[in-house]
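The values are calculated or read from the model by the stated rules, or taken from the named source; none is laboratory data. Keep in mind that this is a model prediction, so the values were computed, not measured. No Cβ is skipped: glycine too gets one built from the backbone with ideal geometry, and neighbour counts run over all protein chains shown. Protein only, heavy atoms only, side chains kept; ligands, DNA and RNA dropped before computing areas. Shrake-Rupley method; radii C 1.70, N 1.55, O 1.52, S 1.80 Å.
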Amino acid sequence: MSTVLIVDDEPSARETLVAMLEGEHYDLELAKDGWQALQVLDLLRPDLILLDVMMPGMDGFEVCRRIRAAPPLAEVPIIILTALDSRDALLKGIESGADDFLSKPVDRRELIARVRTITRLNRYRTLLEQRDNIRRMAERAVAAQEQERQRISRELHDDLGQALTTHLLALHNLQEDLSIPAEVMFGRLQSL
């Protein structure tokens, strides 16, 4: 289930958006202004933010810029909702980092369509990231296996080489000391 954060200073506007999105299987979180939205975002990673522009204290453009400046939040899709319908407001919204822009009053069907599209694309991006993570984990597992094989190979080679060298030196010592009684010589050869 996708989480949508609704940020609007007007209680009736928040309620309207909740009513529009109810029944669409979204987990809806609410914030009454930009400051509260930033506090909520410290605890929550929504799949989408619906952000009003005209709010007291910190307008939606500034909230959007702050979200884009925070690395863990920078990729969260943002739809700016506003009664401003000028070209300048649209450009300011896009420049502040918004992914989409809807003018109030918002048409229910258009809102649902855009929210669905963005959350579906966001899920697709998440799936791609998960697939990439699995691929990197598989590569690390293969590399770790190869390193372990090389380590075992080195140990076998080193241990076997040392054992052979020790036995060759012992045989060489036996060859040089022919005064050893035959039974002792036979016992040493047997142990080698």
- Would region 103-113 turn up any residue that is of a type in the set (Ser, Thr, Tyr) and touching a residue at least 24 places away in the same chain (Cβ under 8 Å)? no
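Condition test on Asp52, is it over 21 Å from Ser2 (Cβ atoms), touching a Gly at 6+ places or on another chain (Cβ under 8 Å) and of a type outside the set (Ser, Thr, Tyr)? Walk me through it before giving the result.
Numbers: over 21 Å from Ser2 (Cβ atoms): no; touching a Gly at 6+ places or on another chain (Cβ under 8 Å): yes; of a type outside the set (Ser, Thr, Tyr): yes.
No: the conditions fail for Asp52.
Here's the yes/no breakdown for (1) open to solvent by 30 Å² or more (accessible area, probe 1.4 Å); (2) in contact (Cβ under 8 Å) with a residue 40 or more places away in the chain; (3) within 23 Å of Thr117 (Cα to Cα):
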{"residue": "Leu43", "(1), (2), (3)": "yes, no, no"}
{"residue": "Pro46", "(1), (2), (3)": "no, yes, yes"}
{"residue": "Val53", "(1), (2), (3)": "no, yes, yes"}
{"residue": "Glu62", "(1), (2), (3)": "yes, no, no"}
{"residue": "Arg68", "(1), (2), (3)": "yes, no, yes"}
{"residue": "Ile78", "(1), (2), (3)": "no, no, yes"}
{"residue": "Asp88", "(1), (2), (3)": "yes, no, no"}
{"residue": "Gly97", "(1), (2), (3)": "no, no, yes"}
- Message: Being assigned to a strand (DSSP E or B), in contact with a helix residue (DSSP H, G or I) (Cβ under 9 Å, 6 or more places away or on another chain) and charged (D, E, K, R) is the filter here; which residues of region 1-59 pass it?
- Response: Glu29, Asp52
- Query: If a residue has to be within 18 Å of Thr119 (Cβ to Cβ) and either under 21 Å from the mean Cα position of the chain (by Cα) or open to solvent by 60 Å² or more (accessible area, probe 1.4 Å) (or both) to count, how many in region 28-39 make the cut?
  - Reply: 2
- Message: Can you report the number of residues in region 4-27 which are free of Cβ contacts under 8 Å to residues at least 60 places away in the same chain and open to solvent by less than 20 Å² (accessible area, probe 1.4 Å)?
- Response: 3
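Here are Val115, Val142: which of them is of a type in the set (A, V, I, L, M, F, W, C), under 30 Å from Val18 (Cα atoms) and within 28 Å of the chain's Cα centre (by Cα)? It would help to see each step written out before you state the result.
Working: Val142 fails: under 30 Å from Val18 (Cα atoms).
None of the others qualify; the one that does is Val115.
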